[in-house]
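Colleague: First the structure, then my questions, so here it is.
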Amino acid sequence: MASSRATRVLSLTRRPFSSSSSLKFDAGVSMVQGASRGIGLEFVKQLLEKNDKGHVVATCRNPDASTGLAQLKDKFAESLKLLPLDLTVETSIQASASSVRETYGHLNLLINASGILSIPQVLQPVSKTAAVEFAREKDPIVCILLHPGTVDTDLSKPFQKNVPKEKLFSKEFSVQKLLSIIDNVKSNDNGKFFAWDGQEIPW
Ligand SMILES: NC(=O)c1ccc[n+]([C@@H]2O[C@H](COP(=O)([O-])OP(=O)(O)OC[C@H]3O[C@@H](n4cnc5c(N)ncnc54)[C@H](OP(=O)(O)O)[C@@H]3O)[C@@H](O)[C@H]2O)c1
């Protein structure tokens, strides 16, 4: 079992963007849950910047209230879609799934960066079950967990005084590292847990 800090994680699922083993950002559809601020917002920004032919769906409870998302929407009007999604409300999950299906027909990458599923006792069994189920699909989906390090966001503010300066990462740095892990994920990584530096965390 990972340490208590290491068990606060992000999770993601992805289908290959292309037949090559490396993630190709061109023309893929990515969805980020928990995108209004913090790590999720930075994922949206970097995915849009790296992926000039692809699309990003950004979700949170009230996208209209996020100034960060509004700024990205101004810059990436065509490639960014904002959807309301509350992970505690099943109908809102269904509504956003229908909207994605109607607009794009598929998803290549799903990143869950919302704090709500970070409770270890909930996230880990759910992720393990998802990984097992996804591997059985005819077109298998890879599901991994990621630890972003301690990242300077609203969520970590109360704990930052105990973190040495060099160990408090910027959102930009952490998300660059995490995208590089995503970029290189292989089908046999399904169900694994990786730290920001690519080290596998046993769990
Ligand atoms: N920051 C760190 O040092 C750190 C370290 C380890 C792990 N993590 C994990 O990384 C993830 C992101 O952390 P963060 O620091 O970026 O957090 P954050 O700045 O607090 O952002 C959390 C995001 O989750 C969304 N969210 C909260 N409740 C939601 C709900 N019911 N439905 C949908 N979205 C919801 C929020 O959007 P709205 O409130 O606008 O809906 C917001 O966009 C979390 O899972 C966290 O546990 C962070």
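The values are calculated or read from the model by the stated rules, or taken from the named source; none is laboratory data. These figures come from a predicted structure and were not determined experimentally. So basically every Cβ, Gly included, is an ideal-geometry build from the backbone, and we count neighbours across all protein chains shown. For accessibility, only protein heavy atoms count, side chains too; no ligands or nucleic acids. Shrake-Rupley method; radii C 1.70, N 1.55, O 1.52, S 1.80 Å.
Colleague: Between residue 78 and residue 93, what is the spin-label point distance in nm, taking each point 7 Å from the Cα along the Cα→C-beta axis?
Modeller: Each label point lies 7 Å from its Cα, and together they span 3.4 nm.
Colleague: If I model a spin label at residue 106 and residue 186 as a point 7 Å from the Cα along the Cα→Cβ vector, what separation in nanometres do I get?
Modeller: A separation of 2.3 nm, rounded to one decimal place.
Colleague: Can you run phi through the Karplus equation (6.51, -1.76, 1.60; θ = phi - 60°) for segment 84-95 and list ³J(HN,Hα) in whole Hz, with x for Gly and Pro?
Modeller: With coefficients 6.51, -1.76 and 1.60, one gets x, 8, 10, 5, 8, 10, 4, 5, 6, 5, 5, 5 Hz.
Colleague: Leaving ligands, DNA and RNA out of it, report the carbon-plus-sulfur percent of the accessible area of segment 64-202 at a 1.4 Å probe. Don't skip to the end; give the middle numbers.
Modeller: Details: 4440 of 8070 Å².
Looking at segment 64-202 in its full context, I get 55 percent from C and S.
Colleague: Taking 7 Å along the Cα-to-C-beta vector as the label spot, tell me the residue 67-residue 53 distance in nanometres, rounded to one decimal.
Modeller: That separation, rounded to one decimal, is 3.6 nm.
Colleague: Here is a follow-up. With θ set to phi - 60°, apply the Karplus curve 6.51 cos²θ - 1.76 cosθ + 1.60 along segment 157-174 and write out the HN-Hα couplings as whole Hz, x wherever there is a Gly or Pro.
Modeller: 3, x, 9, 5, 5, 8, 9, x, 3, 6, 9, 9, 8, 6, 4, 4, 5, 4
Colleague: Now for a different question. Show me, for segment 70-81, the HN-Hα J-couplings you get by feeding each phi into the Karplus relation (A = 6.51, B = -1.76, C = 1.60, θ = phi - 60°), rounded to Hz, glycine and proline as x.
Modeller: 4, 5, 5, 5, 4, 7, 10, 4, 7, 9, 10, 10
Colleague: State to the nearest 20 debye the size of the charge dipole of segment 10-195 about its Cα centre, where the only charges are +1 on K and R beta carbons and -1 on D and E beta carbons.
Modeller: Around 380 debye, computed over segment 10-195.
Colleague: Would you mind checking which residues have amide H under 5 Å from residue 151's amide H? H placed 1.01 Å from N; only 5 or more apart, or other chain.
Modeller: 169
Colleague: With point charges of +1 on the Cβ of Lys and Arg and -1 on the Cβ of Asp and Glu, referenced to the Cα centre of segment 10-195, which listed residue (60, 191, 107) lies farthest in the positive direction of the dipole?
Modeller: My answer, from the dipole projection, is 191.
Colleague: Still on this structure, please answer the following. Report, by chain and number, residues whose modeled amide H sits under 5 Å from the one on residue 194, excluding near sequence neighbours (fewer than 5 apart, same chain).
Modeller: 145, 146, 147, 201
Colleague: Rolling a 1.4 angstrom probe over the protein heavy atoms, how many square angstrom per residue are accessible across segment 42-159?
Modeller: Values: 6390 Å² over 118 residues.
Ligands and nucleic acids excluded, the figure is 54 Å² per residue.
Colleague: Still on this model: What residues qualify as long-range amide H neighbours of residue 31, i.e. H under 5 Å apart, gap of 5 or more or another chain, H built at 1.01 Å from N?
Modeller: When sequence neighbours closer than 5 places are left aside, the close amide H contacts are 57, 109, 110, 111.
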